[in-house]
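S.K.: Input: one structure, supplied below.
The values are calculated or read from the model by the stated rules, or taken from the named source; none is laboratory data. On a predicted model such as this, the values are computed, not experimentally measured, just so you know. Every residue, glycine as well, gets a Cβ built from its backbone with ideal geometry; the counts of neighbours run over all protein chains shown. The accessibility values were calculated without ligands, DNA or RNA, using every heavy atom of the protein model including side chains. Shrake-Rupley method; radii C 1.70, N 1.55, O 1.52, S 1.80 Å.
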Amino acid sequence: MGTLLTEVENNRTGLVVVLAGYKTKMDRLMRFDPGLSRRFPKRLHLTDYTAEQLATICEKIANHKYNKVFEPGLTAQALAKHINTFHRRQMPQENAGLSVNLVEAAVVRQGSRIGAMQRATDAKRRRRQQKLRKDLDGAGGSDSSSEDDGDDGGGGSGSEACEAKMGPAM
């Protein structure tokens, strides 16, 4: 702080210094040194965003940063109500950062949900492939009492032959 005050004092005509922060924190900073209020006499207070403004910011961040569009049923009013209900205490501390955090958390949750769905789909696909292989192996026409050495001259088991002709089973 001492270095800042010295520079401000020594360069009064050629230096512009802007101190920015939340109102309560800036008030505390100004009380830190009695000379600060004199050296920084101009104050501009920007009001906190409303829940409606934060909802609009959420929508813009989702669209511009993640190329996501809100579902048709999700209105700015509904999101503002959610923000007011569940994030009211965070609003003054985080301001627009709250919107960023909400959208980022939603994108992470969406990614996790899609990943879980994909894993479930992959597992279901593997089970179907295993069932198909069993069905095809059983229908391969080979004598069940003979041993399969893996090379029957016909291109492998029934499922392998099927995959060679049709591609992997879905």
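S.K.: Please calculate how many Å² of accessible area segment 67-126 carries per residue, with a 1.4 Å probe and no DNA, RNA or ligand atoms counted.
M.R.: Numbers: 4300 Å² over 60 residues.
Value for segment 67-126: 72 Å² per residue.
S.K.: Pulled fully out, how much extra length does the chain show between Leu74 and Leu19, if you take 0.36 nm times their separation in residues and subtract their Cα-Cα distance? It would help to have the intermediate numbers written out before the result.
M.R.: Numbers: separation 55, 0.36 × 55 = 19.80 nm, distance 3.81 nm.
Gain on stretching Leu74 to Leu19: 16.0 nm.
S.K.: Next question. Which residues does the label zone of Tyr66 cover in segment 85-114, counting backbone N under 12 Å from a point 7 Å along Cα→Cβ?
M.R.: Under 12 Å, as judged by backbone N against the label point of Tyr66, lie 99-114 of segment 85-114.
S.K.: In what order, largest first, do His87, His82, His64 sit by accessible area if the probe radius is 1.4 Å? Show your work: numbers first, answer last.
M.R.: Details: His87 30, His82 75, His64 150 Å².
Solvent-accessible surface, decreasing: His64, His82, His87.
S.K.: Just add up the charged neighbours of Gly21: K/R +1, D/E -1, any other residue whose Cβ is under 12 Å from the Cβ of Gly21. Display every interim value, and only then the final one.
M.R.: Details: positive: Lys23, Lys25, Arg28, Arg43; negative: Asp27.
Residues close to Gly21 contribute a combined charge of +3.
S.K.: Under the 0.36 nm per residue contour assumption, what length would be gained going from the current alpha-carbon distance of His87 and Arg127 to full extension?
M.R.: Numbers: separation 40, 0.36 × 40 = 14.40 nm, distance 4.38 nm.
Going from the current span to full extension adds 10.0 nm.
S.K.: So, in Å, what gap is there between the alpha-carbon centers of segment 1-45 and segment 50-70?
M.R.: About 34 Å separates the Cα centre of segment 1-45 from the one of segment 50-70.
S.K.: Sticking with this structure for a sec: Select from segment 1-101 those trypsin sites (Lys or Arg not before Pro) which occupy a DSSP coil region and have at most 11 other Cβ atoms within 10 Å, ordered by residue number. Don't jump to the answer; show the numbers that get you there.
M.R.: Values: sites: Arg12, Lys23, Lys25, Arg28, Arg31, Arg38, Arg39, Lys42, Arg43, Lys60, Lys65, Lys68, Lys81, Arg88, Arg89; in loops: Arg12, Lys42, Arg43, Lys68, Arg88, Arg89.
Qualifying residues, ordered by number: Arg12, Lys42, Arg43, Arg88, Arg89.
S.K.: Also, I was wondering about something else. Roughly speaking, what % of Cα-Cα pairs in segment 14-115 are separated by over 16 Å, rounded to a whole number? Mind showing how you got there, number by number?
M.R.: Details: 3358 of 5151 pairs.
So the portion of pairs separated by more than 16 Å is 65 percent.
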